[in-house]
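Okay, structure first, notes after.
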Amino acid sequence: MAVSDQITPVATKAKKRRAFGEVPGLGAVAIAFMVFLYLPIIVLVIYSFNAGNIVMVWTGFSTDWYAKAFANADIRKAALNSLVVATSATAIATTCATLAALALARGGSFRGKGATVGIITLPLMVPEIVTAVAMLVFFSNLGLSLGLGNVILAHVTFCIPFAFMPIRARLDGMDTTLEQASRDLYASDWETFRLVTLPQLMPGVLAGAMLSFVISMDDFIITLMVAGAGDTTLPVYIYSMIRQGITPEINAVSSILLLFSIVLVTAYWFTTRTKPDGKNH
Amino acid sequence: MMANLPSSPALRRTLSLTPALGIIGIFMLIPVGIIAVFSFLEAKSFGGVVWSFSTDAYVQLLYERALDDSLILSPGYLIIIARSFLLAGIAMLCCLVVGFPVAYFISRQPLQHRNMWILLITIPFWTNQLVRTFAWIIILGRNGIIETPFHWLGILGSDDTLGLMYSNFAIAVGLTYTFIPLMVLPIYASLEKLDFTLVEAAADLYSSKWEAFTKVIIPLSKPGIIAGCLLVFIPSLGAFIQPDLLGGGKNMMLGTLVQFQFSTARNWPFGAAIAMILLAAVVAFLMIYARAARGQQKMELH
């Protein structure tokens, strides 16, 4: 009875809201916006199939530039460096962020808690170019040259807040009664963490890891300043190619890089959406 | 696997905070601190610093040293600072003007469609910024997508160009394009939470659509608007990729100037001083935002 009572007013309300809230032409604006958002990506991909070696002049369809890009040893090296850096940075940053998020969400209140969160999210606030030159000066003054290690350390630093945020959000949204029940049933703290907290936290950890990975793969300016000559990542290599003039080969490499991110983000979106929410189990 | 966790909660907490705080402390806080110190030192030729206190780096922003060692006001760097604020402001306004209607449109869609729209807006944002920016060279550049029809129609001679590239205009387009998702998403978040019955109440009380918009919708979505403006303005102010690729050598912004000082000009204290000014501007904007957000919270509590 209560249900049918509610349905009618809500339905009429929805109708009425449409009438007043609708602004004509907004749909067109939204679609134009989407065109604006995707135009550069589409243009880039289309021109990567251009047969000629001048980007702007279309001479026919060809996949030669992809073959060339794959055959280019420097590109392969840069791509491999990117993957090594992103994988290591993601693993380290996600571990640090998980530990920190657990301490902040389950460690009770303590002095300097606000400042702690502030420091962890600091890399999000400081402009990238400032971070980049600061790290450059730091590494060069310290004489610390670990090759790719420098790049990994830099990436870990700015990936930590990206990994931290979804993990912390997940922890805050999690019900603590299961953890309490586990302790009541004489599980040790470690058992509780491993068998109760961690499995529930996993979607947050995966989200954090995936954000870190994408952020690390895409970073350019910090890597440009920190990386030594032989340690270029793919974005830095693409940048040096652009400086020498645009060729369809850059378009091909760039298209692959774009496709890689798009697949990752879309896959992530659909996996998180089909998973049941942590709040109701 | 068996592990003995430290029994004291305080010790355990400290231990698990140490890696994250240690890494950010060592590789971020200390380096930024070093930059702050360097901005007050003397420059060594070809990079590096001489350890003696000097405000030369900051003086250099405003003045040029003449041959007789007197200081002459020189607007060169002030123009770069002004351009940075101006272009960041323009990008912010463009994002707001385009982003608000889009966010509003999405918030009025059925739930299933809304998620699809948000995914479509998020995807480009997570793809490589450098690559997406360089694609604009193909669109705006000489013989690019925009110019080609003009050449076909004979409006432009084959050697003529519209001169869209390597200009402040191109930078503004690049900044707007790159950061606009950061405007749409927070405004959408505000609008989605907005209780639309309030707008209906305004309609029932004979308000016009415009009044309902300016007196109900805008004030209630203000947190999203402010957050969006900040999220676009701050990264635009320190942007490097857009002015570097689309602005050419002449149209520098703070980000490119800092990079130039550290890589090519090799005047570290001067580069550090500009970095400090950029950082100070960002901190100032964040503080204004924090204050505004706190005020908003208070309002909601009452």
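Calculate the length of the line joining the C-alpha centroid of region A:208-267 to that of region B:233-302, in whole Å. When both Cα centres are located, 23 Å separates them.
Sort A:D231, B:D244 so that the residue with the fewest other Cβ atoms within 10 Å of its own Cβ comes first and the one with the most comes last. Listed from fewest to most nearby Cβ atoms, that is A:D231, B:D244.
Contact order, relative form, for region A:178-281: 21 percent (alpha carbon pairs under 8 Å, 6 or more residues apart, mean separation divided by residue count).
Taking 8 Å as the Cα distance limit and 6 or more residues as the minimum spacing, I'd like the relative contact order of chain B as a percentage.
Over chain B, the number comes to 26 percent.
Around the amide H of B:E64, modelled in the peptide plane, lie the amide H atoms of B:I72, B:L73, B:S74, all under 5 Å away and 5 or more residues distant in sequence or on another chain. When each of B:C94, A:C159 is scored by the number of other beta-carbon atoms lying within 10 Å, the sequence from fewest to most is B:C94, A:C159.
Backbone amide hydrogens, once placed in the peptide plane, bring B:V49 within less than 5 Å of B:K44, excluding anything fewer than 5 places away on its chain. Under a 10 Å cutoff between Cα atoms, tell me which one of A:G118, A:G25, A:G108 has the largest fluctuation in the Gaussian network model of chain A. Residue with maximal mean-square fluctuation among A:G118, A:G25, A:G108: A:G25. The spacing between region A:32-101 and region B:158-204, judged by their C-alpha centroids, is 26 Å.
About its Cα centre, the dipole of the protein assembly as shown is roughly 1140 debye, where the only charges are +1 on Lys and Arg Cβ and -1 on Asp and Glu Cβ. Per-residue ellipticity at 222 nm computed for chain A from its helices equals -25000 deg cm²/dmol, with DSSP H segments shorter than 4 residues left out and the rest contributing -39,500 (n - 2.57). For chain B, modelled as a GNM whose springs connect Cα atoms under 10 angstrom apart, the maximal fluctuation among B:P149, B:P19, B:P223 occurs at B:P19. Whole number please: convex hull volume per residue, Cα atoms of the protein assembly as shown, in Å³. It comes to 221 Å³ per residue, whole-number rounded.
Laboratory data are not the source of any read-out in this text; all were calculated from the coordinates shown. In this text the structure is predicted, and so the values were computed from the model without any measurement. A quick note on method: Cβ atoms are made from the backbone with ideal geometry, for glycine too, and the neighbour counts reach across all protein chains shown.
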